[in-house]
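J.: Please read through the structure below; I'll follow up with questions.
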Amino acid sequence: MTERTARQRYSLLRRRIDAGLLAIVRETRPPEMMKVTKHVIRAGGKRIRPVLTLLSCQAVGGQPRQAMHAAVAVELLHSFTLIHDDIMDHAPTRRGLPSVHALWGVDSGILAGDLILGLGYDSLQRTGSPVQIRLSTRFTKALLDVCEGQAVDLQFPGRRSVTVREYFAMIEKKTGALFRLSTALGGLIGSGSDRQVEALERYGVHIGRAFQIQDDLLDVVAEERAFGKIVGGDIREKKKTFLLVRAMRKAKGSDRTSLLRAFGGDVRPAKRVRIVTEIYRRLGVLEEARKRIHHETTRARESISGLPRNNGTAMLGWIAGALEARTF
């Protein structure tokens, strides 16, 4: 599969998912809330999670259209988490547009998130799969995992230090749960064997890790217009990212003192970003993050090496490579 073909295929799946999202969001009541939920959907996004659901279904011999309702459900669950994350992070923008609570207030933001979560369950129930109970069980477990991961993440800023193991345990829940869910649902709907579904879940776990570390990295090195969020936002919010965890482990002397002061004192946010970013570069944690991303995407490809060779598995392999370069 050529790069051009892969990109065209990905774009086609995104358009189909967007159409499915708008179709179910139009059912939102009351009408005032429809405007809010449409804003969330029309803000766009890469739709990587629902695309993984469609491709995972195809990878085990199913047809992507069989998994469309489940794919829409996954993206709605993801949108629910983003709305609430933005409220908790006091984020003014999302995907380059004003966040929901910035436009309509916190109350409407909370309600919109809840409505979108309900629509997600509604879409999942429309799948009509023989394994519907297993799908619902996985979906609910992922929701609980995300909430647990978010709760742990909220505790991290108040702690003096966090270990790499604790960081990965947190992202396995907060970020990884949705990637694992995405691939598992597709595999189940496509009638994959237990071994095949487990392979797809492992792929999802590694892609989830790579995605989160890449997100941590882009928070420091990305251009704001392309990133769709304020660059340095994690540093401003004193979040314990992969970069900070590794920097605290490696920093000594004045670098360690500066990091502790930046995150523990009353340093102005803009100044904190400048100080911390320079320390990250000096300690080599940006390059370390890139190496870890490469490791995780490689493991993701290895996880699905035993699956049938078809367009689904080829696209899953392409996504791993595109994620490493963050080119899609």
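J.: Within the range 1-34, can you find the residues that are crowded, with 19+ Cβ neighbours inside 10 Å, under 18 Å from D122 (Cα atoms) and among the hydrophobic types (A, V, I, L, M, F, W, C)?
T.: If the condition is that a residue be crowded, with 19+ Cβ neighbours inside 10 Å, under 18 Å from D122 (Cα atoms) and among the hydrophobic types (A, V, I, L, M, F, W, C), then I17, L21, I24, V25 are the ones that fit.
J.: Residue check: is V220 modelled with pLDDT of 95 or more and out of contact with any Cys (no Cβ under 9 Å at 6 or more places or on another chain)?
T.: Working: modelled with pLDDT of 95 or more: no; out of contact with any Cys (no Cβ under 9 Å at 6 or more places or on another chain): yes.
The answer is no for V220.
J.: Also, I was wondering about something else. So D215 clears everything in (1) in contact (Cβ under 8 Å) with a residue 60 or more places away in the chain; (2) part of a helix (DSSP H, G or I) except one condition, right? Which one?
T.: The number of the failed condition is (1).
So that you can scan it fast, the table gives a plain yes or no per residue for (1) of a type outside the set (D, E, K, R); (2) part of a helix (DSSP H, G or I):
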{"residue": "R16", "(1), (2)": "no, yes"}
{"residue": "A19", "(1), (2)": "yes, yes"}
{"residue": "E27", "(1), (2)": "no, no"}
{"residue": "T37", "(1), (2)": "yes, yes"}
{"residue": "I41", "(1), (2)": "yes, yes"}
{"residue": "G45", "(1), (2)": "yes, no"}
{"residue": "S56", "(1), (2)": "yes, yes"}
{"residue": "A71", "(1), (2)": "yes, yes"}
{"residue": "E75", "(1), (2)": "no, yes"}
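J.: Run down G118, G187, G158, G149 and say which single residue is in contact with a Ser or Thr (Cβ under 8 Å, 6 or more places away or on another chain) and either free of Cβ contacts under 8 Å to residues at least 60 places away in the same chain or aromatic (F, W, Y) (or both).
T.: Details: G118 fails: in contact with a Ser or Thr (Cβ under 8 Å, 6 or more places away or on another chain); G187 fails: either free of Cβ contacts under 8 Å to residues at least 60 places away in the same chain or aromatic (F, W, Y) (or both); G158 fails: in contact with a Ser or Thr (Cβ under 8 Å, 6 or more places away or on another chain).
Selected residue: G149, the only one of G118, G187, G158, G149 that is in contact with a Ser or Thr (Cβ under 8 Å, 6 or more places away or on another chain) and either free of Cβ contacts under 8 Å to residues at least 60 places away in the same chain or aromatic (F, W, Y) (or both).
J.: Does A262 satisfy the criteria of being within 19 Å of V162 (Cβ to Cβ) and over 21 Å from the mean Cα position of the chain (by Cα)? Reasoning before the result, please.
T.: On the way: within 19 Å of V162 (Cβ to Cβ): yes; over 21 Å from the mean Cα position of the chain (by Cα): yes.
Spelling it out, A262 is indeed within 19 Å of V162 (Cβ to Cβ) and over 21 Å from the mean Cα position of the chain (by Cα).
J.: Across the range 168-208, which residue is surrounded by the fewest Cβ atoms within 10 Å (Cβ to Cβ) among those that are of a type in the set (S, T, N, Q) and assigned to a helix (DSSP H, G or I)?
T.: Kept after step one, since they are of a type in the set (S, T, N, Q), are these residues of the range 168-208: 175, 182-183, 191, 193, 196.
If we keep only those that are assigned to a helix (DSSP H, G or I) too, we end up with 182-183, 196.
Values: S182: 33, T183: 32, Q196: 21.
It comes out as Q196.
J.: Then there is this: Here is a list: L76, L54, L119. Which entry is surrounded by 15 or more Cβ atoms within 10 Å (Cβ to Cβ), closer than 30 Å to V231 by Cα and in contact with a helix residue (DSSP H, G or I) (Cβ under 9 Å, 6 or more places away or on another chain)? Steps first, answer last, please.
T.: Working: L54 fails: closer than 30 Å to V231 by Cα; L119 fails: closer than 30 Å to V231 by Cα.
Step by step, each of L76, L54, L119 is checked, and only L76 is surrounded by 15 or more Cβ atoms within 10 Å (Cβ to Cβ), closer than 30 Å to V231 by Cα and in contact with a helix residue (DSSP H, G or I) (Cβ under 9 Å, 6 or more places away or on another chain).
J.: To continue, here is another question. Could you please find all residues in the range 273-321 being small (G, A, S), outside any loop (DSSP other than H, G, I, E, B) and free of Cβ contacts under 8 Å to residues at least 24 places away in the same chain?
T.: Filtering the range 273-321 down to residues small (G, A, S) leaves 284, 289, 300, 303, 305-306, 312, 314, 317, 320-321.
This time we only want the ones that are outside any loop (DSSP other than H, G, I, E, B), so: 289, 300, 303, 312, 314, 317, 320-321.
Answer for the range 273-321, where residues must be small (G, A, S), outside any loop (DSSP other than H, G, I, E, B) and free of Cβ contacts under 8 Å to residues at least 24 places away in the same chain: just G317.
J.: In the set F242, F211, F263, which member is aromatic (F, W, Y) and either within 30 Å of N310 (Cα to Cα) or surrounded by fewer than 16 Cβ atoms within 10 Å (Cβ to Cβ) (or both)? Before the answer, list the steps.
T.: Working: F242 fails: either within 30 Å of N310 (Cα to Cα) or surrounded by fewer than 16 Cβ atoms within 10 Å (Cβ to Cβ) (or both); F263 fails: either within 30 Å of N310 (Cα to Cα) or surrounded by fewer than 16 Cβ atoms within 10 Å (Cβ to Cβ) (or both).
On inspection, the qualifying residue turns out to be F211.
J.: Go through the range 94-105 residue by residue and tally those that are surrounded by fewer than 17 Cβ atoms within 10 Å (Cβ to Cβ) and either in contact with a helix residue (DSSP H, G or I) (Cβ under 6 Å, 6 or more places away or on another chain) or of a type in the set (S, T, Y) (or both).
T.: In the first step, residues of the range 94-105 are kept if they are surrounded by fewer than 17 Cβ atoms within 10 Å (Cβ to Cβ); the result is 95-98, 103, 105.
Next, only the ones that are either in contact with a helix residue (DSSP H, G or I) (Cβ under 6 Å, 6 or more places away or on another chain) or of a type in the set (S, T, Y) (or both) stay: none.
Looking only at that region, the number is 0.
J.: To continue, here is another question. State all residues of the range 225-250 that are at pLDDT below 90, at negative phi and of a type in the set (G, A, S); if no residue qualifies, say none.
T.: Selection gives A226, G233.
J.: Output the residue which, of all residues in the range 142-167 that are among the polar types (S, T, N, Q) and exposed (fewer than 15 other Cβ atoms within 10 Å of the Cβ), is nearest to A262 (Cα to Cα). Step through it out loud before you land on a result.
T.: Just the residues of the range 142-167 that are among the polar types (S, T, N, Q), to begin with: 150, 155, 161, 163.
Of the ones still in play, those that are also exposed (fewer than 15 other Cβ atoms within 10 Å of the Cβ) are 155, 161, 163.
Values: Q155: 18, S161: 13, T163: 19 Å.
Applying the filter and picking the extreme gives S161.
J.: I've got another one for you. Can you tell me which of (1) aliphatic (A, V, I, L, M); (2) closer than 15 Å to I319 by Cβ; (3) modelled with pLDDT under 95 is the one V205 doesn't meet?
T.: (3)
J.: Quick test of your reading of the structure: R236 fulfils all but one of (1) charged (D, E, K, R); (2) out of contact with any Phe, Trp or Tyr (no Cβ under 9 Å at 6 or more places or on another chain); (3) surrounded by fewer than 17 Cβ atoms within 10 Å (Cβ to Cβ). Name the failing condition by number.
T.: Just one mismatch for R236, condition (3).
The values are calculated or read from the model by the stated rules, or taken from the named source; none is laboratory data. If you're wondering where the values come from, they're calculated on a predicted model, not measured in any experiment. Note that each Cβ is placed from the backbone with ideal geometry, even for glycine, and that neighbours are counted across all protein chains shown.
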